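The values are calculated or read from the model by the stated rules, or taken from the named source; none is laboratory data. Since the model is a prediction, treat every value here as computed from it, not as a measurement. Quick reminder, even Gly has a Cβ in these numbers, built from the backbone with ideal geometry, and neighbours come from all protein chains shown. Quick note on the areas: whole protein, heavy atoms, side chains included, nothing else; ligands and nucleic acids left out. Shrake-Rupley method; radii C 1.70, N 1.55, O 1.52, S 1.80 Å.
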Amino acid sequence: MIETCEMDILTQQERSERMRLITAKNTKPELAVRRLVHKMGYRYRLHRKEFPGKPDLVFVKKKKAIFVHGCFWHQHSNRSCHLARMPKSNLDYWQDKFKRNVLNDKRNIKRLKQMGWSVLVIWQCNLKDETRLRFTIKNFMK
Ligand SMILES: [Zn+2]
């Protein structure tokens, strides 16, 4: 039996449009992290192009960078994460897409570290526990 799904019949253009929407939604966790970090008294720069991967939050003097990763797009590999589930249809397409995202992430983090930077990745699902997240950020910023 052939399983048909909405995603299968989308044209390339519709698909990228759909992805743009999903990606835009992913800025929500980023905003939440920004607000929290600001509330904690840290001041940062945003998406500085001169740094590998354009980290979401950059602390230039401290040489620290924070990435906020949507669990779906960056394929959070934590077993307890339910947000990273693979789509059921068009698996090849998505796997390819995700593989590239994950590889890029790894490469960018490696490059930053080679430059002497510290990097913190905050996953979308980490936002559920603010107390713990605060603790993580505080430790990272020390
Ligand atoms: Zn997650």
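Numerical summary
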{"item": "Within the stretch 72-108, considering residues that are over 12 Å from the mean Cα position of the chain (by Cα) and open to solvent by less than 60 Å² (accessible area, probe 1.4 Å), the one nearest to the ligand (Cβ to nearest atom)", "result": "CYS81"}
{"item": "Within the stretch 56-67, tally of residues that are open to solvent by 20 Å² or more (accessible area, probe 1.4 Å) and among the hydrophobic types (A, V, I, L, M, F, W, C)", "result": "1"}
{"item": "Hits in the stretch 25-50 (condition: under 16 Å from the mean Cα position of the chain (by Cα), touching a residue at least 60 places away in the same chain (Cβ under 8 Å) and surrounded by fewer than 20 Cβ atoms within 10 Å (Cβ to Cβ))", "result": "ASN26, ALA32"}
{"item": "Unmet criterion (only one of (1) at pLDDT 65 or above; (2) open to solvent by 50 Å² or more (accessible area, probe 1.4 Å); (3) over 20 Å from the mean Cα position of the chain (by Cα)) for ILE9", "result": "(1)"}
